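Q: For reference, the structure I am asking about is given below.
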Amino acid sequence: MKKETEQAAFDPASITQMANAKAQGKRPEYFADPMVEQNFSITMALVAELAVARERIDTLERILVSKGLLDENDIDNYKPDAQTGQARQQAQVEYSARVLRPLQQAVEAMSSNQLNMNEMADQLGDPDLG
């Protein structure tokens, strides 16, 4: 009976809900610089995603080989055609943009806060420059 209850708690919907839940408490900080901390967080999220993806790819390859649908060397020897190569390249650009968006937003915020020389002079109160 206990085993059934434990299994029900880990159905796909529950796992998805847990994975997307906001962490409780203060997030640990490892670096003094917020940008370094943000970069570290992005990197660790990608490491986790990549580990899951690699495991799933390995599973798919093993299933395909075991069913005789794929030879062990087929993936290593695969050469995509031009259209597939272009589609993959476009997908990679879009993926990189999504991953790096937090850094892009930080750069945009810094850019929008930059003042030209006259605005700086006005803020500093220098009548000769303003």
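The values are calculated or read from the model by the stated rules, or taken from the named source; none is laboratory data. Remember, predicted model here, so these are calculated numbers, not experimental data. Positions of Cβ are backbone-derived with ideal geometry, glycine not excepted, and every protein chain shown enters the neighbour counts.
Q: Are there any pairs, at least 6 apart or on different chains, whose C-beta atoms fall under 9 Å, with the first in region 94-108 and under 13 Å from PRO34 (Cα atoms) and the second at pLDDT 80 or above and of a type in the set (Gly, Ala, Ser), and if so, which?
A: Qualifying pairs under 9 Å: PRO102/SER41.
Q: Could you check how many residues of region 39-92 are among the aliphatic types (A, V, I, L, M) and more than 30 Å from ARG27 (Cβ to Cβ)?
A: Selection size over region 39-92: 11.
Q: Residue check, GLN17 against (1) touching a Leu at 6+ places or on another chain (Cβ under 7 Å); (2) assigned to a helix (DSSP H, G or I), all met but one. Which one?
A: The number of the failed condition is (1).
Q: Any residue in region 31-42 that's under 17 Å from MET110 (Cβ atoms): show its pairings with residues that are of a type in the set (D, E, K, R) at Cβ separation under 7 Å, as long as the two are six or more apart or on different chains.
A: Note: pairs meeting the criteria are GLU37/GLU29.
Q: Which of the residues belonging to region 20-70 are outside any helix (DSSP H, G or I), modelled with pLDDT of 85 or more and in contact with a helix residue (DSSP H, G or I) (Cβ under 8 Å, 6 or more places away or on another chain)?
A: Scanning region 20-70 gives a single hit, LEU70.
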